[in-house]
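Heads up: the structure comes next, in structure tokens.
The values are calculated or read from the model by the stated rules, or taken from the named source; none is laboratory data. Owing to the predicted nature of the structure, the values given are computational and were not obtained by experimental measurement. Neighbour counts are summed over all protein chains in view; Cβ atoms, including those assigned to glycine, are modelled from backbone coordinates with ideal geometry. For accessibility, only protein heavy atoms count, side chains too; no ligands or nucleic acids. Shrake-Rupley method; radii C 1.70, N 1.55, O 1.52, S 1.80 Å.
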Amino acid sequence: MNYNKEGYIKLLSKTFKNENEVLEEIINLQAILELPKGTEVFLSDIHGEYEPFLHVLNNGAGRIRNKIDFSYKDILSLKERNKLATLIYYPEEKLNQIKEKNENTKKWYRDTISRLIEICRMAGGKYTRSKVRKSVPKFKYIMDELLHAPEDVGNKAEYYEAVINSVIELRNCR
């Protein structure tokens, strides 16, 4: 094959400023190819079955529940795991129920945020940090900090606790 080296260089120069940027992108793309394959779901013939279709989308075709059970089977009761799953599938509706029952204490928010972060870590493990950050609609950098905190936070424990407490306080989660 006869490659037109100058043609490739001209195309690359439209996107990248220098050779180092090209090499960085090549390294990134090669690494991405080694990530685990994401979950794919194929649905057909839904015939206007909006509610069941929406539920399959919201629960990630059962993958979210698998992650909850894997992480919390020995820690949370079935009822508590069901509540966490429902919160993930239908956040607005479930939060309204929790507020109506006056269950939304600071401790509940702190525990729930920690659990949600753990589930997000598991779900995001198949993707790059950049892709995960782009998929988070709000508080991108706060979420990035929490999702990528080391398991042994050591001398940053107070920092991570302050982040979570600030989220609770500033979002009126009392």
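Suppose R0 equals 41 Å. What FRET efficiency, 1/(1 + (r/R0)^6) with r the Cβ-Cβ distance, do LYS101 and LYS37 give to the nearest 0.05? Don't skip to the answer; put the middle values down first.
Details: r = 40 Å, r/R0 = 0.98.
According to the calculation, E is roughly 0.55.
Extension gain, ILE142-THR15: 0.36 nm per intervening residue step, less the Cα-Cα distance, totals 42.8 nm.
Report, to the nearest whole %, how much of the accessible area of the chain belongs to carbon and sulfur atoms, 1.4 Å probe, protein only.
On the way: 7430 of 13540 Å².
Percent of accessible area from carbon and sulfur atoms in the chain: 55.
Which value, in Å², gives the accessible area per residue of segment 101-150 when a 1.4 Å probe is used on the protein heavy atoms? Don't skip to the end; give the middle numbers.
Values: 3240 Å² over 50 residues.
Solvent-accessible surface per residue comes out at 65 Å².
List the GluC sites (Glu not before Pro) within segment 67-174 that DSSP assigns to loop and that have no more than 15 neighbouring Cβ atoms inside 10 Å. The partial results should precede the final answer.
Numbers: sites: GLU80, GLU92, GLU93, GLU100, GLU103, GLU118, GLU145, GLU151, GLU158, GLU161, GLU169; in loops: GLU103, GLU151.
When the GluC sites (Glu not before Pro) of segment 67-174 are filtered for loop state and at most 15 Cβ neighbours within 10 Å, GLU103, GLU151 remain.
With Cα atoms as the point set, the radius of gyration and Dmax of the chain evaluate to 21.3, 71 Å.
Here segment 29-118 is treated as an ellipsoid with the same Cα gyration tensor; its semi-axes, largest first and in whole Å, are 27, 21, 12.
Just in segment 21-58: which chymotrypsin sites (Phe, Trp or Tyr not before Pro) are loop by DSSP and have at most 12 other Cβ atoms within 10 Å?
Details: sites: PHE42, TYR50, PHE53; in loops: PHE42.
The qualifying sites are PHE42.
Mind checking segment 102-139 for trypsin sites (Lys or Arg not before Pro) that DSSP puts in a loop (not H, G, I, E or B) and that have at most 10 other Cβ atoms within 10 Å? Answer by residue number: LYS138. Summary of the geometry: segment 11-38 and segment 102-157, compared by the centres of their Cα atoms, lie 27 Å apart. Averaging the sequence gap over all C-alpha pairs within less than 8 Å and six or more residues apart, then dividing by the number of residues, gives the chain a relative contact order of 21 percent.
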